[in-house]
Amino acid sequence: MTAPSTDPNPRSTAPTATPTTAPVTNATPTHTETPSRTGRASTFIRAALAVAGVLFALYPAVRPWTDETTLAGAAAFASHQWVAAHTMGMVAFMLLAAALLVRAFESGRAGPTATLAAVGAALVLPYYGAETFGLHAIGLRAVADADVSLLELADTVRYGPVPMTMFGLGLLALAVAGILLARDAWRAGGLARAGGLLTGVMLALYLPQFFGTPAMRIGHGVLLAIGCIMLAIAWGRQADGRATQTR
């Protein structure tokens, strides 16, 4: 006869359930405090267009207007106003081209418009630089020597075949860019249509306005400024609307 087992911890033959481990997930959403690339691009486009518009208006308004065959014309060339005004014009073209390029990269549209504007700006800037600083140096010397004959060098700077060709081609490229901008703006409607049409038409007229009176040139600059600022507001509103929809 077998005695009963006295083992206090008998082995159980029942199957043991294996505990399951739930996957650990990070429920805390990640946030970024830095603005998106699109937001930064929109801010740059708005600022660049607005500043370009103001500078387009200031350029002919600040520029001294005198008879450039006299010593008064030499004094105008030698003045700080001459350098400041033409520098404003150069910066305005650069900012306008940059704004259109950034918009084209971000939206994937209006590539030809931005490209032509950039090419046009690149071609006119050397001419502006020569007129800004070359004529300034001639004016300083003419005033110092009281020699009006030195002003004949201004025509050499302005009307050389290479600078004139580059300048003309640059203005033509800007004119075509303006026409394309006006065409695209017409399809947009609203404030973008008005601003784009005004900016585009004024760009297309940039070459003819050189043959106008000082008042006409100042008026052209003001209209171009209004168009750029309207376009900055309209494109900014569009960008804000897209950002709100994606939140």
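Quick notes on this one:
- Loop-located chymotrypsin sites (Phe, Trp or Tyr not before Pro) in the stretch 92-196 (DSSP state other than H, G, I, E, B) with a sparse environment of at most 11 neighbouring Cβ atoms within 10 Å: 159.
- Computed E for residue 213/residue 191 - FRET, C-beta separation, R0 35 angstrom, nearest 0.05: 0.70
- Farthest positive-ward along the stretch 80-175 dipole, Cα basis, beta-carbon charges - from 157, 118, 89: 118
- The length gained on full extension between residue 70 and residue 122, counted as 0.36 nm times the residue separation minus their Cα-Cα distance, comes to 15.5 nm.
- Dipole size of the stretch 98-247 about its Cα centre, with +1 on Lys/Arg Cβ and -1 on Asp/Glu Cβ: approximately 920 debye, rounded to the nearest 20.
- A simple spin-label model places the labels of residue 47 and residue 91 1.3 nm from each other, with each point 7 Å out along Cα-to-Cβ.
- Taking Cβ atoms as reference points and 14 Å as the exclusive limit, the residues near residue 78 contribute a net charge of -2, counting Lys and Arg as +1 and Asp and Glu as -1.
- Probe 1.4 Å, accessible area per residue of the stretch 93-188, Å²: 49
- Here each label is just a point 7 Å from Cα along the line to Cβ, and for residue 145 and residue 205 those points are 4.1 nm apart.
- Dipole axis of the stretch 138-236 (+1 Lys, Arg; -1 Asp, Glu on Cβ), positive-most option in 191, 171, 210: 191
- Fraction of accessible area attributable to carbon and sulfur, the stretch 71-125 (%, probe 1.4 Å): 75
The values are calculated or read from the model by the stated rules, or taken from the named source; none is laboratory data. All values derive from a computational prediction rather than experimental measurement. Reconstructed Cβ throughout: ideal geometry from the backbone, glycine too, with neighbour counts over all protein chains shown. When the accessible area is computed, the model is the full protein with side chains, heavy atoms only, and any ligands, DNA or RNA have been set aside. Shrake-Rupley method; radii C 1.70, N 1.55, O 1.52, S 1.80 Å.
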